[in-house]
Structure formats: C-alpha cells, structure tokens
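The values are calculated or read from the model by the stated rules, or taken from the named source; none is laboratory data. Quick caveat: nothing in here was measured; it's all calculated off a predicted structure. Cβ coordinates were reconstructed from backbone atoms using ideal geometry, including for glycine residues, and neighbour counts include every protein chain displayed. Only protein heavy atoms, including side chains, enter the accessible area calculation; ligands, DNA and RNA are left aside. Shrake-Rupley method; radii C 1.70, N 1.55, O 1.52, S 1.80 Å.
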Amino acid sequence: REAAYVHDFGQGNDFDHAAGTWRVKLKPGTDVDTASAAIITALAPLAGKITPVTSEHYRQASVDSLTADLNVLKTLVQVFAVISLVVGVIIISTTFTILVAQRRRQIGLLRAVGASGRQVRGRLLAEALVLGVAGSALGLLLAIGLAAVAALFTGAIGYGLRVPTLDTVVAFGLGVLGTLVAALA
C-alpha cells in the first residue's frame, strides 16, 4: 500500500505535480495514519504546510482537477440514453401506427356508436400511459439489477449500491413522456 505526501509551499493546490511532492511507499501492513503522524512529526518545521494523503486520494484528486468536476462516465451514459430514447420513440410510434391500423374496425365501431375522436384518442393515450409506466419501471428495475450483478462480479458490492433518486425519477419520467409522444405521433 502506498501513500503520497504532498507539500504545497503556498503555490497552487496540494495536488500540483511540483518539486514539493514526495511519494512514500510503505511496507505491507503499515498503518497509514501512524506513518502520516511520523512524517509530520519528522517534518515539524513545515507544520501546517504538509498534507499527507493516500495514493488513491491523490489519484482521484488529480483526475478531478483534470476533468473540472465533469463526470465523464455519467455524460457518456446520458448520451447513449438520449440515443436509445430517440430509437425507442421511433419504435413505439411505428408500433402504435400498426396497432391503430389493426384496430380500424374497432375504432370505426366506436365512432359509429357515438364516441368522439377525442374519446378514441384518450383511450389510446391511456393505453400508452399504462405501457409507458410499465415499460419504464421494468427498464429501471432491469438496469438496477444489471448494476447489482456487475457490482457482485467485480466485488464492488461491498461498498453498497447507490441508486441516484433524481436521475431515476428523470429517467422514469422521460420513458413515460417518450411513450406518450410516440403514441400521439
């Protein structure tokens, strides 16, 4: 296990790749906190100017400084989600076109017994709403299940599985909205 110790010297942040960066490799089994305290004690004249961090934290802070708080993986997933939503709307629109064509007789019979065009559209939109809710819920459950399986496979499940509420609600809403828009088209 390694720990990186960074010294700022008052220039930039603690994670600049400057001459004041020291990397200390610890023996296996060495407690990082104990080693940090020993280094800070040994470098007492620099008290307040030295910041010990683990190499994992150092790497993550370096990546964060390069990406400027941009979550690249999330952005890529969102791009592919938009593409799949557009493809889904096209497929659903085509399916509803076929469905309406197959129900021509039923729609004609409804109109013959006094149903207005608005009532017929309302019935089709209600069906689209039910399909949109069911499809979106099923898709989200499948996605969460696949994430759990991937976390089990990689061993990351020990850290827990976090499902972002806002992103989940937005995805559900977009799925339902996409189905309704496709049905209207």
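So if I check each of 135, 108, 122, 117, which one is closer than 21 Å to residue 184 by Cα and touching a helix residue (DSSP H, G or I) at 6+ places or on another chain (Cβ under 7 Å)? Working first, answer last.
On the way: 108 fails: touching a helix residue (DSSP H, G or I) at 6+ places or on another chain (Cβ under 7 Å); 122 fails: touching a helix residue (DSSP H, G or I) at 6+ places or on another chain (Cβ under 7 Å); 117 fails: touching a helix residue (DSSP H, G or I) at 6+ places or on another chain (Cβ under 7 Å).
The conditions single out 135.
Looking only at the range 69-80, filter to residues that are open to solvent by 80 Å² or more (accessible area, probe 1.4 Å) and of a type outside the set (Asp, Glu); which one of those is farthest from residue 171 (Cα to Cα)?
70
So residue 109 clears everything in (1) within 17 Å of residue 174 (Cβ to Cβ); (2) exposed (fewer than 13 other Cβ atoms within 10 Å of the Cβ) except one condition, right? Which one?
For residue 109, the failing item is (1).
What pairs come up if the first residue lies in the range 50-70 and is more than 27 Å from residue 37 (Cβ to Cβ), the second is assigned to a strand (DSSP E or B) and among the hydrophobic types (A, V, I, L, M, F, W, C), and their beta carbons are under 6 Å apart, counting only those six or more places apart or on different chains?
none
Quick check, is residue 34 surrounded by fewer than 15 Cβ atoms within 10 Å (Cβ to Cβ) and modelled with pLDDT of 85 or more?
The answer is no for residue 34.
Would you mind finding the one in 115, 150 that is more than 21 Å from residue 174 (Cα to Cα) and modelled with pLDDT under 90?
Checking each option against the conditions leaves just 115.
Of all residues in the range 155-183, which are of a type in the set (S, T, N, Q) and open to solvent by 50 Å² or more (accessible area, probe 1.4 Å)?
165
Going by what's in this entry, would residue 152 be described as outside any helix (DSSP H, G or I), on the phi < 0 side of the Ramachandran plot and surrounded by fewer than 15 Cβ atoms within 10 Å (Cβ to Cβ)?
Spelling it out, it is not the case that residue 152 is outside any helix (DSSP H, G or I), on the phi < 0 side of the Ramachandran plot and surrounded by fewer than 15 Cβ atoms within 10 Å (Cβ to Cβ).
Name the residues in the range 112-128 that are open to solvent by 80 Å² or more (accessible area, probe 1.4 Å) and either of a type in the set (A, V, I, L, M) or not in a helix (DSSP H, G or I) (or both), would you?
Of everything in the range 112-128, those that are open to solvent by 80 Å² or more (accessible area, probe 1.4 Å) and either of a type in the set (A, V, I, L, M) or not in a helix (DSSP H, G or I) (or both) turn out to be 112, 113.
I'd like the full set of residues that are of a type in the set (A, V, I, L, M), outside any helix (DSSP H, G or I) and within 25 Å of residue 167 (Cβ to Cβ), limited to the range 53-97.
Correct list: 68, 70.
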